[in-house]
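Note sheet for the following structure.
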Amino acid sequence: MPSTRLGVAQSAFVGFLAVAMALAAGHLVAGLLLSPSASPFLAVGNAAIDRTPTPVKNFAVQQFGTNDKLALLIGMAVVIALVAVAAGLLSRRSPVPGLVIVGLLGGLGLLAVAEQAGTSGPTLLAPLASLLAGVGAFWGLHALARSTHRDPTPDRRRGVPRREFLVASGSVAAGAALMGVGGELLSRRVDVAASRAAVGPLVPAAPSPPIPAGAAFPELGTPTFLTPAAEFYRVDVNLTVPQLRAEDARLRITGLVDREIELTYDDVRAHRLVERPITMTCVSNYVGGPYVSTAAFIGVPLTDLLLEAGVRPEATQLIGRSVDGFTIGTPLRRVLQAEDRAMLAIGMNGEPLLPEHGFPMRTVIPGLYGYVSATKWVTELELTTFDVDPYWEQRGWDGDPEGIVTIKTSSRIDAPGPFEQVPAGEVTFAGISWAQTIGIERVEISVDEGPWEDAELGVAVNVDTWRMWRARRTLDPGLHTVTVRATDRSGYTQTAERVGPINPGPDGSTGLHSITFTVA
Ligand SMILES: Nc1nc2c(c(=O)[nH]1)N[C@H]1C(S)=C(S)[C@@H](COP(=O)(O)O)O[C@H]1N2
Ligand SMILES: [Mo]
């Protein structure tokens, strides 16, 4: 007597395959349309990032660092797989519950794509294809599985229906894998690498002098003075790096200006290019954290561009807009104060920007945290007043537009590492400190809560970059603690009061970095 219900494994498999098919079909069409973000999987991920409360977002950045996006994608894949399996299991008698769930998942993808900034009609084809593929695959596989069930005996000898189901599900699995991979390859078809290579050398009219020997102590464990672009910290809201070609790039300067202007990449290059080492810092950096890096940025001074457009006196804020929907607001006063060193950057360490750092163009303004100064993949600079709220402020980081943007003077211990065991004898300490636009005056260390004693500073490169430090002490064998603090040229010494990066606004962390280590 054949059961009228599908087997547990078979029904779970039907649900899983149908959803895999749905995601792959969406990914493929998004790839064909050259809109990777229209892939329902990525769109749902981006929608999730958008709705994540800021503290959670910050927690994720701190836990997973630059892998926060990978962690999110894996987590999402697991959740979706579980829902898919549940859809199958609920459909052992009738396909209806599964069809409803797969349809709802498809609807979610459709909504996520539809709400994206700059969605055009055609990009909706990706989630639509996904919905149809998912529902279709579920329907087809379920029907086939049921027919196998209803009529199990006569064919057992020939094994036809069972084999039919296996062949069909195998084909769906293979098809989904092919479509997924194809979609991924297609969306990388925009040949950013070729566009970057074609830029050729960037020659600043005012090159920055070479970094002096003695500016960094990498042999002692500090970073190199200039961070190689590939190792520069990366923070942004994107699951996939926006792929833009220099040939297609346009920068518009709009808003409270005498004349709006639009520049191509070549127009930008043709301007006076300056070069300046600048240390960037993310507001999410915790005390002792890694979100601080230095590059010699090459670009056009923002003041040159603002002069060209003619800024109206009412303007108080410069808003940067980007292809990823991110907007960054900078107090105009701070842009002007930075003079030539606030730039529309096109190069980093002598090379065009890397895609993950904003190729082809981004802004960099020394002294301000990245989220209020450093628009990557920038497409528009709008002059406004403080009435316009940029990205983070729309999401509840509603700070004082003038106050919170300044990078806090800070310092970090790079050597010894946490809980490192160092050989007996003289111990070498080394690390970094920074006080962008002001300059570092002094770095002190305290060993085992003893008196503060001066560390030796590396050669200063300019006030906008970090300053390395080193010190030596002879210590007895056993467990020790070292703490560091910096004083900047305004006379401010880092406070010991420990505050996390989000407190609750994005003010940047405070507190002193300490390391515990052992002398052998
Ligand atoms: N378009 C865009 N620009 C952006 C961001 C973003 O998410 N999108 N993140 C900002 C943040 S929070 C920081 S700290 C810097 C980091 O720049 P980097 O990744 O080149 O180090 O970019 C800023 N610019
Ligand atoms: Mo940031």
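Listed here are the residues, each with its yes/no results for (1) closer than 22 Å to Asp248 by Cα; (2) of a type in the set (Val, Ile, Thr); (3) open to solvent by 10 Å² or more (accessible area, probe 1.4 Å).
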{"residue": "Leu305", "(1), (2), (3)": "yes, no, no"}
{"residue": "Pro313", "(1), (2), (3)": "no, no, yes"}
{"residue": "Thr316", "(1), (2), (3)": "no, yes, yes"}
{"residue": "Thr327", "(1), (2), (3)": "yes, yes, yes"}
{"residue": "Thr330", "(1), (2), (3)": "no, yes, no"}
{"residue": "Arg333", "(1), (2), (3)": "no, no, yes"}
{"residue": "Leu336", "(1), (2), (3)": "no, no, yes"}
{"residue": "Ala345", "(1), (2), (3)": "yes, no, no"}
Criterion violated by Ala270 - all others in (1) open to solvent by 40 Å² or more (accessible area, probe 1.4 Å); (2) within 16 Å of ligand 1 (Cβ to nearest atom) satisfied: (2)
Taking region 136-163 only, how many residues are at pLDDT 85 or above and either of a type in the set (D, E, K, R) or more than 49 Å from the chain's Cα centre (by Cα) (or both)? 1
Quickly run through region 2-49 and pick out the residues that are outside any helix (DSSP H, G or I) and open to solvent by 30 Å² or more (accessible area, probe 1.4 Å). Pro2, Ser3, Thr4, Arg5, Leu33, Leu34
Hey, can you tell me all the residues within region 244-263 that are in contact (Cβ under 8 Å) with a residue 24 or more places away in the chain and surrounded by fewer than 20 Cβ atoms within 10 Å (Cβ to Cβ)? Arg245, Glu247, Arg250, Arg252, Thr254, Leu256, Val257, Asp258, Arg259, Glu260, Ile261
Please enumerate the residues belonging to region 203-212 that are in a loop (DSSP other than H, G, I, E, B) and among the hydrophobic types (A, V, I, L, M, F, W, C). Val203, Ala205, Ile211
Only residues that are in contact with a Leu (Cβ under 9 Å, 6 or more places away or on another chain) and either part of a strand (DSSP E or B) or hydrophobic (A, V, I, L, M, F, W, C) (or both): list them for region 447-472, please. Val447, Arg467, Met468, Trp469, Arg470
Members of region 310-361 that are near ligand 1 (Cβ under 10 Å from one of its atoms), in a strand (DSSP E or B), out of contact with any Gly (no Cβ under 7 Å at 6 or more places or on another chain) and among the small types (Gly, Ala, Ser): Gly320, Ser322
Look at region 273-297 and say how many of its residues are open to solvent by 40 Å² or more (accessible area, probe 1.4 Å) and modelled with pLDDT under 95. 1
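The values are calculated or read from the model by the stated rules, or taken from the named source; none is laboratory data. Everything numeric here is computed off the predicted structure, so don't read it as measured data. FYI the Cβ positions are ideal-geometry reconstructions off the backbone, even for glycines, and counts take in every protein chain you see. For the accessible areas, the whole protein counts, side chains as well, though only heavy atoms, and no ligand, DNA or RNA atoms are used. Shrake-Rupley method; radii C 1.70, N 1.55, O 1.52, S 1.80 Å.
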